1. I need the full set of residues from the range 88-125 which are within 11 Å of the chain's Cα centre (by Cα) and closer than 17 Å to Lys72 by Cα, in order please.
2. Report, ordered by the first and then the second residue, all pairs with beta carbons closer than 8 Å, sequence separation of six or more or different chains, a first member in the range 119-140 that is free of Cβ contacts under 8 Å to residues at least 24 places away in the same chain and closer than 18 Å to Pro69 by Cα, and a second member that is β-branched (Val, Ile, Thr) and surrounded by 14 or more Cβ atoms within 10 Å (Cβ to Cβ).
3. Which condition does Val107 not pass, out of (1) at pLDDT 95 or above; (2) outside any helix (DSSP H, G or I), if it passes all the others?
4. Just a yes or no: is a residue in the range 79-91 among the basic types (Lys, Arg), in a helix (DSSP H, G or I) and either more than 19 Å from Pro135 (Cα to Cα) or free of Cβ contacts under 8 Å to residues at least 60 places away in the same chain (or both)?
5. What is the number of the single condition among (1) out of contact with any strand residue (DSSP E or B) (no Cβ under 8 Å at 6 or more places or on another chain); (2) loosely packed, with under 15 Cβ neighbours inside 10 Å; (3) not in a loop (DSSP other than H, G, I, E, B) that Asp143 does not meet?
6. So which of Val107, Val90 ends up being over 23 Å from Asp47 (Cβ atoms) and of a type in the set (A, V, I, L, M)?
7. Please identify the pairs in which a residue from the range 40-51 that is surrounded by fewer than 14 Cβ atoms within 10 Å (Cβ to Cβ) has its Cβ atom under 6 Å from the Cβ atom of a residue that is not polar (S, T, N, Q), counting only partners at least 6 apart or on another chain.
8. Considering only residues of the range 52-78 that are surrounded by fewer than 17 Cβ atoms within 10 Å (Cβ to Cβ) and either touching an Asp or Glu at 6+ places or on another chain (Cβ under 6 Å) or free of Cβ contacts under 8 Å to residues at least 40 places away in the same chain (or both), which is farthest from Leu166 (Cα to Cα)?
Amino acid sequence: MKRRDFLRHASLLAAASLSPMPLAAMAEADPVSAFLASSYPDLNGGDVPLSTYAGRPLVVNFWATWCAPCVKEMPDLDALSKKYGDMNFVGIAIDTRANVDRFLQKVQVSYPLLVAGHGGIDVMKKLGNRQGGLPYTVIFGADSTKLRQILGQVDPADLDSYLAKL
């Protein structure tokens, strides 16, 4: 490496160490906080910040209309959302709004559904779902800490038992 290149790289590294951490780097450092600070469109076209669910336990279920285990577990999640009215349940579709609208004509749930599109796969990976598989459920405590994650279809009895302890 030429001396000039070495000095240029050294000065860039020194400058970077003095500057505050970029926002993107902070999001990488704490993906849970970044996720909970994000927002997603609802089925009415509005943007819903996940921070509106802060202060109570939150069950987030990533799903898609084409995912058979996702569809199969939705009635169980809906029943649990009704049983645990003091908790928030949110479904985030890794799909298009049009597909979700058509899907809801056949299967309805009482908890809110948001749409992340295919970009939601990266969100799941940052939350700990390295495979990017569906369904993927994440449970956050009232203090916004990530308590548990479930890759694959939930066992309703197991999830019920876990939620009862929160």
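1. Correct list: Val90, Gly91, Ile92, Ala93, Ile94.
2. Taking only residues 6 or more apart or on different chains, the pairs are Gly132/Ile121.
3. Evaluating Val107 over (1) at pLDDT 95 or above; (2) outside any helix (DSSP H, G or I) leaves (1) as the failure.
4. Taking the range 79-91 first, the residues among the basic types (Lys, Arg) are 82-83.
Remaining after also requiring in a helix (DSSP H, G or I): 82-83.
Within this subset, residues satisfying the condition of being either more than 19 Å from Pro135 (Cα to Cα) or free of Cβ contacts under 8 Å to residues at least 60 places away in the same chain (or both) are 82-83.
Checked against the condition, which is being among the basic types (Lys, Arg), in a helix (DSSP H, G or I) and either more than 19 Å from Pro135 (Cα to Cα) or free of Cβ contacts under 8 Å to residues at least 60 places away in the same chain (or both), the range 79-91 yields at least one hit.
5. (3)
6. Working: Val90 fails: over 23 Å from Asp47 (Cβ atoms).
Result: Val107 is the single residue among Val107, Val90 that is over 23 Å from Asp47 (Cβ atoms) and of a type in the set (A, V, I, L, M).
7. Listed by first residue and then by second, the contacts come to Asp47/Pro41.
8. Narrowing the range 52-78 to residues surrounded by fewer than 17 Cβ atoms within 10 Å (Cβ to Cβ): 52, 54-56, 66, 68-69, 72, 75-76.
Next cut, either touching an Asp or Glu at 6+ places or on another chain (Cβ under 6 Å) or free of Cβ contacts under 8 Å to residues at least 40 places away in the same chain (or both) only: 52, 66, 68, 75.
On the way: Thr52: 19, Trp66: 32, Ala68: 29, Pro75: 21 Å.
Among residues in the range 52-78 that are surrounded by fewer than 17 Cβ atoms within 10 Å (Cβ to Cβ) and either touching an Asp or Glu at 6+ places or on another chain (Cβ under 6 Å) or free of Cβ contacts under 8 Å to residues at least 40 places away in the same chain (or both), the one farthest from Leu166 (Cα to Cα) is Trp66.
The values are calculated or read from the model by the stated rules, or taken from the named source; none is laboratory data. Just so it is clear, the model here is predicted, and its values are computed rather than measured. We place every Cβ from the backbone using ideal geometry, glycine too, and count neighbours over all the protein chains shown.
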